[in-house]
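The values are calculated or read from the model by the stated rules, or taken from the named source; none is laboratory data. The model shown is predicted, which means the values in this text are computed figures rather than measured ones. Because the Cβ atoms are built from the backbone with ideal geometry, glycine has one as well, and the counts that use them run over all protein chains shown. Keep in mind that these areas ignore ligands, DNA and RNA; they rest on the heavy atoms of the full protein, side chains included. Shrake-Rupley method; radii C 1.70, N 1.55, O 1.52, S 1.80 Å.
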Amino acid sequence: MSGFNYDGSSIRVLEGLAAVRMRPGMYIGDTGPRGLHHLIWEIVDNSVDEALAGYCTEISVALAPDGGVTVTDDGRGMPVDPHPQKRVPTCQVIMTVLHAGGKFGDGAYTVSGGLHGVGASVVNALSEKLELFVRRDGREYSMTFMRGDVFKELSSKPAKTPGTGTTVRFYPDPLIFKTGIVFDPKLVERRLREISYLVPGLSLTLETVNAEGETVRETFMNKDGIEAMTNRLAKNTTPLFEGTVAFTGNSGDTEVAFAFKYLDDYTERMYSFVNLIPTAEGGTHVAGFRAALTRAVNEAAKTEKLLKAGEGNILGDDLREGLLCVLSVKLPNPQFEGQTKGKLGNGETTGAVSTLVYDKLSYFFANEGGGILRIIVDKALSTRRAREAAKRAKELVRSKGSGARDAGLPGKLADCISRKPAEAELFIVEGDSAGGSAKQGRDRKFQAILPLRGKILNVEKASLDKILANAEVGNIVKALGCGVGSEFDVSRLRYGKIVVMTDADVDGAHIRTLLLTLFYRLLPQLVSEGRVYAAQPPLYRAAKGKDVRWLYSDGELREFVGRGKASVQRYKGLGEMSPEQLWETTMNPENRTLRRIGVTECAAEAGEIIDILMGDAVGPRRDFIFAHAAEAEMDV
Ligand code: 0R9
């Protein structure tokens with residue numbers, strides 16, 4: 001391609017320009033701002049082609065206040081010799097004959113080309129005036145066109161300065177661009193910067209005139225190509241490792257460059273380009289990259305024993321979270337598909353990209369990239385755990401209106417008769433025996449009982465998928481009916497009050513703490529809405545003669561006993577009470593005391609408190625239990 005020597009014969013003459021002015025939308029998409037900017041991209045693309053062919057190192061774009069755009073390159077200069085068929089200067093053919101640019105032949109232009117690839121003649125057809133200047137062979141050629149027609153024939157004079165190149169200055173036609181001719185310098189700047197990354201070493205200058213009438217110039221040039229682009233895109237993010245994995249190479253007639261990092265979040269950022277054109281919808285090149293990344297990571301992870309036996313392969317989807325990648329491919333005849341033509345369709349490209357990416361990455365992981373491989377595998381495994389947790393969360397949501405009313409409820413739940421969340425209460429009870437008493441003592445019209453066996457999982461120390469796989473947690477979530485995480489839907493909550501009922505001893509306090517932690521972490525909205533309560537069973541039963549009372553604190557006991565003689569019975573476990581006693585002291589809304597669990601602090605702070613207190617330190621945990629009891633609001 002770079003060795004191609006133009007002789008005029010590769011130009012194919014296709015059709016005239018009248019059609020372009022008749023239906024501009026067909027050629028540039030629309031005649032609004034998008035189509036207007038398209039004119040610049042078409043002309044710049046021709047200069048970029050010359051750069052890709054190895055002859056051009058500098059391109060400049062000047063936006064003038066009068067709406068004129070001047071694009072200059074330092075390439076070989078557009079050919080000016082007579083065209084063999086048309087017998088007019090070749091540059092005139094390029095400017096006046098649709099599709100006469102060589103891009104649709106099999107010669108010099110195999111790379112680049114605008115999204116529509118329509119060429120300079122379309123810009124000429126849609127411009128009120130277009131001036132062309134060519135510097136080559138020690139002469140300066142010029143030619144002028146009006147609305148696509150030759151206005152001033154090609155003429156030349158000896159050049160005052162050495163060098164070669166092409167300048168195109170065009171004034172978009174107000175008859176075509178009826179909504180106005182205003183270029184957005186930011187948009188042009190963004191595209192020039194993008195090109196500077198995609199063609200390393202090429203210098204692109206944007207020249208604008210500011211409000212004070214001064215000329216402002218900015219030059220974009222980057223030797224490190226898409227590696228530098230990736231680093232720029234990673235600004236204000238937290239990468240998981242230093243540096244960027246970046247490689248370039250050829251696979252058949254396809255040139256491939258890729259650069260990536262992993263970031264500390266859950267988003268995939270894939271920026272892909274084909275012949276410098278952004279492919280927002282991806283396509284076969286992106287598919288090839290993903291397949292190779294997945295294969296290279298899995299094989300290297302197995303070799304390095306980073307995957308435990310039976311753990312199975314890392315899925316491609318698990319490698320996407322946190323990935324920031326720039327992929328740029330250049331190929332001879334790109335086929336763009338999709339609504340916005342932003343998707344590459346060439347089937348053969350998948351294999352070409354995949355082979356190159358796999359080879360480069362396998363070598364990298366086996367050599368200096370071992371540390372990075374470990375970080376990528378860790379990230380993918382944590383993504384996998386989160387994915388499995390999300391799947392479990394879905395499974396815990398009972399399907400709406402599916403079959404029987406009780407379908408999917410845990411077997412251990414003794415449900416209430418009422419289906420009105422406003423009056424229904426769920427008692428989560430520690431231990432099967434206390435659960436049995438509560439079932440017998442309750443008012444089944446509105447009180448449901450869910451007994452829990454032993455201590456429940458400490459959610460602070462387990463991953464989300466483990467938490468949701470825990471049978472007791474699963475039972476609570478299923479009984480509540482409102483789901484968790486992204487599946488949370490408070491309108492499906494089956495009980496207006498959720499009461500944690502545990503023994504009045506240290507173990508009971510611990511279980512209560514674990515359950516509250518679970519609600520903070522998994523169902524924070526229920527806590528913030530004040531739906532979670534702690535039951536308060538009595539500590540003592542004291543009798544002075546015939547005066548028998550339930551006492552809920554040591555203070556109450558002291559007050560009651562006074563100086564007299566009393567028989568005092570200490571209740572430690574709920575199971576020590578008869579069902580009637582449990583109803584009377586702890587469950588009957590007429591005389592019970594419930595402590596509402598509230599988050600007065602913001603949710604983040606609450607999380608922080610839990611982080612500190614559910615750690616391994618015993619003291620703070622004990623403090624938490626006391627502090628919590630002291631802060632709790634009273635509610636009867
Ligand atoms: C400012 C915008 N620049 C251009 O439009 C531009 C087109 C162009 C070009 C060649 C060199 N520079 C260019 N700038 C070129 C020269 C030669 C061979 N191929 C390309 C040569 O000197 O041999 N051309 C764009 C199309 C064609 N040339 C042609 F080949 F179709 F004529």
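Counting only residues that are surrounded by 13 or more Cβ atoms within 10 Å (Cβ to Cβ), closer than 20 Å to CYS91 by Cα and more than 11 Å from the ligand (Cβ to nearest atom), which one in region 1-30 is modelled with the highest pLDDT?
Within region 1-30, the match that is modelled with the highest pLDDT is VAL20.
Quickly run through region 209-233 and pick out the residues that are touching a Ser or Thr at 6+ places or on another chain (Cβ under 8 Å) and open to solvent by less than 30 Å² (accessible area, probe 1.4 Å).
Filtering region 209-233 for residues touching a Ser or Thr at 6+ places or on another chain (Cβ under 8 Å) gives 209, 215-222, 225-227, 230-231.
Matches in region 209-233: PHE220, GLY225, ILE226, THR230.
Quick one: in region 62-82, which of the residues that are more than 9 Å from the ligand (Cβ to nearest atom) and closer than 17 Å to GLU189 by Cα is surrounded by the fewest Cβ atoms within 10 Å (Cβ to Cβ)?
Filtering first and then ranking leaves PRO65.
What's the total number of residues in region 83-102 that are open to solvent by 20 Å² or more (accessible area, probe 1.4 Å) and either of a type in the set (D, E, K, R) or away from the ligand (no atom under 11 Å from the Cβ) (or both)? Reasoning before the result, please.
So the first thing to find is which residues in region 83-102 are open to solvent by 20 Å² or more (accessible area, probe 1.4 Å), and the list is 84-89, 92, 94, 96, 99, 101.
Subset that is either of a type in the set (D, E, K, R) or away from the ligand (no atom under 11 Å from the Cβ) (or both): 84-88, 96.
Counting residues in region 83-102 that are open to solvent by 20 Å² or more (accessible area, probe 1.4 Å) and either of a type in the set (D, E, K, R) or away from the ligand (no atom under 11 Å from the Cβ) (or both) gives 6.
Can you pull out the residues in region 331-347 that are over 14 Å from PRO278 (Cβ atoms) and in contact (Cβ under 8 Å) with a residue 60 or more places away in the chain? Let's see the steps before the verdict.
Kept after step one, since they are over 14 Å from PRO278 (Cβ atoms), are these residues of region 331-347: 331-333, 335, 337, 339, 345-347.
Answer for region 331-347, where residues must be over 14 Å from PRO278 (Cβ atoms) and in contact (Cβ under 8 Å) with a residue 60 or more places away in the chain: LEU331, PRO332, ASN333, GLY345, ASN346, GLY347.
Restricting region 132-182 to residues that are under 22 Å from ALA51 (Cα atoms) and charged (D, E, K, R), which is nearest to the ligand (Cβ to nearest atom)?
ARG136
Taking SER382, is it open to solvent by 20 Å² or more (accessible area, probe 1.4 Å) and modelled with pLDDT under 95? Before you say what the answer is, go through the steps one by one.
Values: open to solvent by 20 Å² or more (accessible area, probe 1.4 Å): yes; modelled with pLDDT under 95: yes.
Yes; evaluated as a whole, the condition is true for this residue.
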